[in-house]
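The values are calculated or read from the model by the stated rules, or taken from the named source; none is laboratory data. It should be emphasised that the depicted structure is a prediction, and the values quoted were computed from it without experimental measurement. No Cβ is skipped: glycine too gets one built from the backbone with ideal geometry, and neighbour counts run over all protein chains shown.
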Amino acid sequence: MLRWLRPVNLRTGLLKKYKNFSQISVFFMDYNQLPPFIRESRIFTENDKIKLAQAERLPTPQEVDDITGLPEIYELLNAFIGDQSSRNTHLQLKAREYLQDNQVDMAWKVLLI
């Protein structure tokens, strides 16, 4: 099993940890607080990981769910039904594309799907 794959409960756990997030105007995550599947990922560069750690806020569960209807995300999710490893890899690749365009919020949304 690849070490960088995220646990199934990561999304719920991460969002629960920061559930009062909307009440905080600025959010700072220490690099070491990044989930293991991001910290240990070979897909993300160190700069990508720093961008994720410096996110102003984490997306809400509703915001994460809302992007699953976007054509590019919908296609990606359906292309890898039954192959969780490939799905996670391609979600990370998609998140990296967003990071390269400085769309950190979208990158987090993709990673928390």
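Report yes if some residue within region 77-90 is modelled with pLDDT of 90 or more, outside any helix (DSSP H, G or I), surrounded by 16 or more Cβ atoms within 10 Å (Cβ to Cβ) and touching a Phe, Trp or Tyr at 6+ places or on another chain (Cβ under 7 Å); otherwise report no. Within region 77-90, none of the residues are modelled with pLDDT of 90 or more, outside any helix (DSSP H, G or I), surrounded by 16 or more Cβ atoms within 10 Å (Cβ to Cβ) and touching a Phe, Trp or Tyr at 6+ places or on another chain (Cβ under 7 Å).
Scanning region 58-76 for residues being surrounded by fewer than 16 Cβ atoms within 10 Å (Cβ to Cβ) and within 14 Å of residue 107 (Cβ to Cβ) gives a total of 3.
When both residues are 6+ apart or on different chains and their Cβ atoms are under 8 Å apart, which pairs have a first residue that lies in region 72-83 and is aromatic (Phe, Trp, Tyr), and a second that is assigned to a helix (DSSP H, G or I)? As it stands, the answer is 74/68; 80/86; 80/87; 80/90, since those pairs meet every condition given. Within region 35-56, the only residue that satisfies the criterion of being touching a residue at least 40 places away in the same chain (Cβ under 8 Å) and basic (Lys, Arg) is 51.
Being among the hydrophobic types (A, V, I, L, M, F, W, C), in a helix (DSSP H, G or I), at pLDDT 95 or above and surrounded by fewer than 15 Cβ atoms within 10 Å (Cβ to Cβ): is that true of residue 99 here? So residue 99 fails the test.
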